[in-house]
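The values are calculated or read from the model by the stated rules, or taken from the named source; none is laboratory data. Everything quoted here is computed from the prediction, not taken from an experiment. Quick reminder, even Gly has a Cβ in these numbers, built from the backbone with ideal geometry, and neighbours come from all protein chains shown. Heads up: the accessible areas ignore ligands, DNA and RNA and are worked out on the full protein's heavy atoms, side chains in. Shrake-Rupley method; radii C 1.70, N 1.55, O 1.52, S 1.80 Å.
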Amino acid sequence: MKNLKGNLGNRLEKKELSREKVELVDGNLCELVGYEVKDYGFTEYVENIEISNGQFRRSRSMIPFKYLDADMTKFKWDVYGCDIALEKEKAESFITRFQEYQKCGKGLYIFSRTKGSGKTFLSCALANEVMERQDICVKFISVPELLEMTKKSYKDFAKEEDLERVKGADLLILDDIGTETKKEWVDTELFRMIDNRNNSRKVTIFTSNVEMDNLKLDDRIVDRIFETCIRIHLPEKPIRAMNADKENMKFMQKVLRTGT
Ligand SMILES: Nc1ncnc2c1ncn2[C@@H]1O[C@H](COP(=O)(O)OP(=O)(O)O)[C@@H](O)[C@H]1O
Ligand SMILES: [Mg+2]
């Protein structure tokens, strides 16, 4: 039995238990490996298609399926049609100087008021790039999902374990902060988590369509975000809608031509 135990105490540890060849729907063969995984002290059995360490960590990260393969070659800066050299530089420094961000307990606040402007895409691309280079545990969760999980964790021990893993990730993407309804328990939970993460210098990427100064959250939370986050302002361009328009235009040209 091969032991793939990592060298750092609270990091993801995996021990290989089984390995078999399986055929994928596309006919390709790959290896299905069963692992015992220890993640922040919790042990569970998982099966995984044999992949690189970075991909393995990615598959455990809860990054949305459509952004599992996101990287900085796919995230385009020229689609915005304006000068965003500084934002690009900040984003790139997160990949190349990630250890510095960790050491200084800094994170990112990626925002733009416009839906579909690339906030979630950029956050996942950055996390995937960092995971390829660093042996770290990454988790992705939207704020509504986090609050839902918190509610369930009061009654369900398994959910509480999941939640602890999310809260303790070396790099956490907290997607869409600022859209939650204002409630006291929400402020309390968010503050506790953000404060704990800051105290242990864990890195958080927030994405939001609310400017940092306009966040309607408890002042203590906003203060922590102010203290620790480097802001990346993506231009107010609805790239998703622009891409969809282009695609539809192409499609129409094709079908109209075929029809004549
Ligand atoms: N910079 C970009 N380069 C390429 N595609 C982009 C970019 N920004 C947005 N998109 C497209 O728009 C979609 C929506 O982006 P997303 O990050 O989910 O938006 P939001 O800002 O609402 O989080 C992406 O899945 C992608 O197809
Ligand atoms: Mg988003």
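Among the residues of region 150-184, count how many are in contact (Cβ under 8 Å) with a residue 12 or more places away in the chain, over 21 Å from G118 (Cα atoms) and open to solvent by less than 30 Å² (accessible area, probe 1.4 Å).
Matching residues across region 150-184 total 7.
Would you be able to tell me the number of residues in region 162-202 that are under 27 Å from Q99 (Cα atoms) and either away from ligand 1 (no atom under 16 Å from the Cβ) or not acidic (D, E) (or both)?
Result for region 162-202: 27.
For I205, work out the one condition from (1) open to solvent by less than 30 Å² (accessible area, probe 1.4 Å); (2) away from ligand 2 (no atom under 16 Å from the Cβ); (3) closer than 30 Å to K103 by Cβ it doesn't fulfil.
The one condition I205 does not meet is (2).
State whether the residues of region 82-96 include one that is over 28 Å from K167 (Cα atoms), in contact with a Phe, Trp or Tyr (Cβ under 9 Å, 6 or more places away or on another chain) and within 16 Å of ligand 2 (Cβ to nearest atom).
No - not one qualifying residue is present in region 82-96.
Quick check: anything in region 121-135 aromatic (F, W, Y) and under 17 Å from I232 (Cα atoms)?
Scanning region 121-135, I find at least one residue that is aromatic (F, W, Y) and under 17 Å from I232 (Cα atoms), so the answer is yes.
Can you confirm whether P235 is in contact (Cβ under 8 Å) with a residue 60 or more places away in the chain, of a type outside the set (S, T, N, Q) and open to solvent by 10 Å² or more (accessible area, probe 1.4 Å)?
yes
Of the conditions (1) more than 16 Å from ligand 2 (Cβ to nearest atom); (2) open to solvent by less than 10 Å² (accessible area, probe 1.4 Å), E100 clears all except one; give me its number.
(2)
Among what's in region 1-57 and is modelled with pLDDT under 70 and among the basic types (K, R), pick the residue that is surrounded by the fewest Cβ atoms within 10 Å (Cβ to Cβ).
It comes out as K2.
If the requirement is being in contact with a strand residue (DSSP E or B) (Cβ under 9 Å, 6 or more places away or on another chain), basic (K, R) and within 10 Å of ligand 1 (Cβ to nearest atom), which of these qualifies: K119, K106, K115?
Sole residue among the options that is in contact with a strand residue (DSSP E or B) (Cβ under 9 Å, 6 or more places away or on another chain), basic (K, R) and within 10 Å of ligand 1 (Cβ to nearest atom): K119.
Which one is nearest to ligand 1 (Cβ to nearest atom) among residues in region 203-232 that are over 16 Å from the mean Cα position of the chain (by Cα) and of a type in the set (A, V, I, L, M)?
V210
For E132, are the conditions met, namely being of a type in the set (D, E, K, R), in the same structural domain as L86 (by TED's automatic domain parsing) and more than 16 Å from ligand 1 (Cβ to nearest atom)?
For E132, the condition - of a type in the set (D, E, K, R), in the same structural domain as L86 (by TED's automatic domain parsing) and more than 16 Å from ligand 1 (Cβ to nearest atom) - is met.
Tally the residues that are more than 16 Å from ligand 2 (Cβ to nearest atom) and modelled with pLDDT of 95 or more, restricting the search to region 171-190.
1
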